[in-house]
Amino acid sequence: MLAQYTLVTYRILAAFEWSFRFCRTAKFFFKTDDDIFVNLILLIKFILPLTNQKTNNSFRISDMTIYGYKHVHPKVFRKADDPVGARYVVTVDEFPCATYPDYLSGFGYVIPKKARDALVYAAYHDFNIPFRISDIYLTYAF
């Protein structure tokens, strides 16, 4: 199970790329886990005001806000006593700091088209191996 979990970042990037290629007119991409209940009425209520915002072709930071639950100063797990927690264990070699930068929970986040496009472009130009915890790798700046 642990070896498969290391590929999650690639899976999420593949979903971003798929929507980049085949959903070009969609203004937002909603990423959630498969075991999460989504209240679509509240999600639509949240997104509707965002759809009325004017857009342009620039990659301004203000156009690339990702919306979700932010983990603030989260601790890095160095050990775990159970198999589920073991997939979040990160060695000092992988990440030397005691805390991660703030990031959004992977339980669900709304990402505007421009932010998704920027992440897809950046992933193609990042020749390093992506950090295996996708939520941190993909949303830490937001």
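The values are calculated or read from the model by the stated rules, or taken from the named source; none is laboratory data. This is a predicted model, so every value here is computed, not measured. Positions of Cβ are generated from backbone atoms using ideal geometry, with glycine treated the same way; all protein chains shown enter the neighbour counts. Ligands, DNA and RNA are stripped out before the accessible areas are found, and what is left, the full protein with its side chains, is counted by its heavy atoms. Shrake-Rupley method; radii C 1.70, N 1.55, O 1.52, S 1.80 Å.
Summary of values
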quantity: Selection count, region 64-121, where residues are aliphatic (A, V, I, L, M), closer than 29 Å to L43 by Cα and open to solvent by less than 80 Å² (accessible area, probe 1.4 Å); calculated: 9
quantity: Qualifying residue in region 4-21 (condition: farther than 22 Å from S134 by Cβ and either charged (D, E, K, R) or out of contact with any His (no Cβ under 6 Å at 6 or more places or on another chain) (or both)); calculated: no
quantity: Residues satisfying the stated conditions in region 122-142, i.e. over 22 Å from L42 (Cα atoms), hydrophobic (A, V, I, L, M, F, W, C) and open to solvent by 50 Å² or more (accessible area, probe 1.4 Å); calculated: A122, F127, I129, A141
quantity: Failed criterion for Y103 (all others in (1) free of Cβ contacts under 8 Å to residues at least 60 places away in the same chain; (2) more than 15 Å from I136 (Cβ to Cβ); (3) of a type in the set (S, T, Y) hold); calculated: (2)
quantity: Sole residue being touching a His at 6+ places or on another chain (Cβ under 9 Å) and in a loop (DSSP other than H, G, I, E, B), chosen from P96, P101; calculated: P101
quantity: Restricting region 10-28 to residues that are more than 18 Å from A122 (Cβ to Cβ) and in contact with a Leu (Cβ under 9 Å, 6 or more places away or on another chain), the residue that is least open to solvent (accessible area, probe 1.4 Å); calculated: F28
quantity: Enumeration of residues in region 29-46 that are over 17 Å from F107 (Cβ atoms) and surrounded by 10 or more Cβ atoms within 10 Å (Cβ to Cβ); calculated: I44, K45
quantity: Any hit, region 42-55, residues being among the basic types (K, R), in contact with a helix residue (DSSP H, G or I) (Cβ under 6 Å, 6 or more places away or on another chain) and at pLDDT below 90; calculated: no
